[in-house]
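K.L.:
This is the structure, below, for whatever I ask next.
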Amino acid sequence: LDAFWEEKGYISPEEYSRFCNETVPLARFNKRIFNSNEAITVEIDVAHFGEKEMDNITPKWTITDTSKNIIKEGDLAATKINWGSGIKLGAIQTSIQTQKAKKYTLEVSIDHFSNSWDFWVYPSKLPELKNGVLIVQKLNKKSIEKIKNGGKVLLTIKKGSVKKEQGGEVGIGFSTIFWNTAWTAGQKPHTLGILCNPEHKALEEFPTEYHSNWQWWDAMTHSNAISLENLPETVHPIVRVIDDWVTNNRLALIFEVKVGKGKLLISGIDLLENSEKRLEAKQLLFSLKKYMLSNSFNPQTEVEIGQIENLFK
């Protein structure tokens, strides 16, 4: 509510009551991103402070996809629920086979109380993509020559590579700023999540909403914000970092440009470091590379290679 006890519009009463109520189902995920060849184990708890204790209750669970189709469902053992928090109800053990990266939602219901959590399953083996994209972490002689000759280059930079005045000073974070940086002496993080078009072809193999969710945690913790202030206004990020309102700069995580005859896609996320153990990085890299090999990859705004080199240390 605001200072006048009016709704701010951030969330509906129905949504809020799922996780703030007299009885709240709770799920203990070890992680939110899974491979399709691994088991999904989730321990289920409950916090109950209702008027009465609950007797002979059978918790129910479902896993649905983004179209609300039920993929898996089941019951936990019937039990009595006393007053208290962190009351263990059992565990869900399942797996989901998929050939394509997908988002799912686990919902747990206890009597008429329900709560839900998003998670993602990525295929354990990705299809082989044809050659045609040079992937580098620095603009070296080889990559610049490829661009000049009409080639395609994916620049995925190491964290800390951006010049201070080009976005390197921005404290990027998965969580948003605390209150505002004007009152906290520039306390990090300085950003407010991401903004993207979930229908963009570059993200076709990396399912997302228009905003941050848990599949972006890895990216945000291995990334640099890149300032677009010195590039043409027609450079629109594929994935935008929302800057603090105090500075309100044009910041990007992923964007594309035309350089002479060539095409360049720049990722402020390091998608190569330890990528075999970072499922999200591996999946996002696959999605970007597949996009760059398609006819959809056709950046319209042309810049000089020197403008791009000037962004980095």
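The values are calculated or read from the model by the stated rules, or taken from the named source; none is laboratory data. Everything quoted here is computed from the prediction, not taken from an experiment. Cβ atoms come from the backbone with ideal geometry, glycine included; neighbour counts cover every protein chain shown. Note: areas computed on protein heavy atoms with side chains; ligands, DNA, RNA excluded. Shrake-Rupley method; radii C 1.70, N 1.55, O 1.52, S 1.80 Å.
K.L.:
For segment 171-213, how big is Rg over Rh, using alpha carbon atoms and the Kirkwood form of Rh?
P.N.:
1.15
K.L.:
What is the chain's relative contact order, in percent, from Cα pairs under 8 angstrom and six or more apart in sequence?
P.N.:
It rounds to 15 percent for the chain.
K.L.:
Taking all protein chains as present, what is the carbon and sulfur share of the accessible area of segment 1-104, in % to the nearest whole number, probe 1.4 Å?
P.N.:
Looking at segment 1-104 in its full context, I get 48 percent from C and S.
K.L.:
Okay, moving on. Run the simple label-point estimate for Asn295 and Asn310 please: 7 Å along Cα→C-beta, distance reported in nm.
P.N.:
3.6 nm
K.L.:
With every protein chain kept in the model, how would you rank Phe119, Phe49 by accessible area, 1.4 Å probe, largest at the top?
P.N.:
The residues order as Phe49, Phe119, largest area first.
K.L.:
For Lys31, project a label point 7 Å along Cα to C-beta. Then give me every residue of segment 110-137 with its amide nitrogen under 19 Å of that point.
P.N.:
Within reach of a label on Lys31, which here means backbone N under 19 Å from a point 7 Å along Cα→Cβ, segment 110-137 contributes 117-127.
K.L.:
Right, here's the next one. In terms of modelled amide H atoms, which long-range or inter-chain residues lie less than 5 Å from the amide H of Gly260?
P.N.:
Val303
K.L.:
Counting only protein chains, not ligands or nucleic acids, how are Arg278, Arg28, Arg240, Arg250 ordered by accessible area (probe 1.4 Å), most first?
P.N.:
Solvent-accessible surface, decreasing: Arg28, Arg240, Arg250, Arg278.
K.L.:
Hey, what D do you get for segment 82-129 in µm²/s if you plug the Kirkwood alpha-carbon radius into Stokes-Einstein at 20 °C and 1.002 mPa s?
P.N.:
155 µm²/s
K.L.:
A follow-up question, please. So what does Ser95 come to for accessible area, using a 1.4 Å probe and Å² rounded to 10?
P.N.:
50 Å²
K.L.:
Okay, next question. Tell me the carbon and sulfur percent of the accessible area for segment 105-165, rounded to whole percent, probe radius 1.4 Å.
P.N.:
Of all accessible area on segment 105-165, carbon and sulfur atoms account for 47 percent.
K.L.:
Rolling a 1.4 Å sphere over the protein heavy atoms, what is the accessible area per residue of segment 59-211, to the nearest Å²?
P.N.:
56 Å²
K.L.:
While we're on this one: Can you compute the charge dipole magnitude of the chain about its Cα centre, using +1 on each Lys and Arg Cβ and -1 on each Asp and Glu Cβ, nothing else charged? Give it in debye, rounded to the nearest 20.
P.N.:
Using Cβ point charges on Lys, Arg, Asp and Glu, the chain gives about 1860 debye.
K.L.:
Residue by residue, what Karplus-based ³J(HN,Hα) values in Hz, rounded to whole numbers, does segment 194-207 have, using 6.51, -1.76 and 1.60 with θ = phi - 60° and x for Gly and Pro?
P.N.:
Karplus values, whole Hz, x for Gly and Pro: 10, 9, 8, 9, x, 8, 5, 4, 5, 10, 4, 9, 9, x.
K.L.:
Among Asn115, Asn140, Ala47, which residue has its Cα furthest toward the positive end of the charge dipole of segment 33-185, with +1 on Lys/Arg Cβ and -1 on Asp/Glu Cβ?
P.N.:
Highest projection toward the positive end goes to Asn140.
K.L.:
Write down the radius of gyration of the chain and its Dmax, each obtained from C-alpha positions, in Å.
P.N.:
22.8, 74
K.L.:
Accessible area per residue for segment 214-266 in Å², computed with a 1.4 Å probe and the full protein assembly in place, what is it?
P.N.:
For segment 214-266, the solvent-accessible area averages 39 Å² per residue.
K.L.:
Mind listing the phi-derived Karplus ³J(HN,Hα) values for segment 8-21, rounded to whole Hz, using 6.51, -1.76 and 1.60 with θ = phi - 60°, and x for any glycine or proline?
P.N.:
My calculation for segment 8-21 gives 7, x, 6, 7, 8, x, 5, 5, 4, 5, 5, 10, 9, 7 Hz in order.
K.L.:
For segment 174-300, what relative contact order do you get, as a whole percent, if you take Cα pairs closer than 8 Å and at least 6 residues apart?
P.N.:
24 percent
K.L.:
Sticking with this one: Show Ser12, Ser143 ordered by accessible area, largest first, where the area counts protein heavy atoms only and the probe is 1.4 Å.
P.N.:
Ser12, Ser143
K.L.:
Hey, if you put +1 on the Cβ of every Lys and Arg and -1 on every Asp and Glu Cβ in the chain, which of Leu272, Ile226, Gln215 ends up farthest toward the positive end of that dipole?
P.N.:
Leu272
K.L.:
Turning to a different aspect of this structure: Relative to the Cα centre, what is the charge dipole magnitude of segment 13-78, using +1 at the beta carbon of each Lys and Arg, -1 at the beta carbon of each Asp and Glu, and rounding to the nearest 20 debye?
P.N.:
For segment 13-78, the charge dipole is close to 320 debye.
K.L.:
Under a point-charge model restricted to the Cβ atoms of Lys and Arg (+1) and Asp and Glu (-1), what is the dipole moment magnitude of segment 91-221 relative to its Cα centre, in debye to the nearest 20?
P.N.:
It comes to approximately 1040 debye.
K.L.:
In whole Hz, what ³J(HN,Hα) sequence does segment 35-46 give by Karplus (6.51, -1.76, 1.60; θ = phi - 60°), x for Gly and Pro?
P.N.:
Running phi through 6.51 cos²θ - 1.76 cosθ + 1.60 with θ = phi - 60° gives 7, 6, 9, 10, 6, 10, 10, 9, 7, 10, 10, 8 Hz.
K.L.:
Something else now. First measure r as the distance between the Cβ atoms of Thr58 and Leu129, then evaluate 1/(1 + (r/R0)^6) with R0 = 51 Å and state the FRET efficiency to the nearest 0.05.
P.N.:
Plugging the Cβ-Cβ distance into 1/(1 + (r/R0)^6) gives 0.60.
K.L.:
How many nm separate the modelled label positions at Lys163 and Glu15, each set 7 Å beyond the Cα in the direction of the Cβ?
P.N.:
With each label placed 7 Å out from Cα toward Cβ, I get 4.1 nm.
K.L.:
Counting only protein heavy atoms and a 1.4 Å probe, tell me what percentage of segment 168-218's accessible area is made up of carbon and sulfur.
P.N.:
Answer for segment 168-218: carbon and sulfur cover 59 percent of the accessible area.
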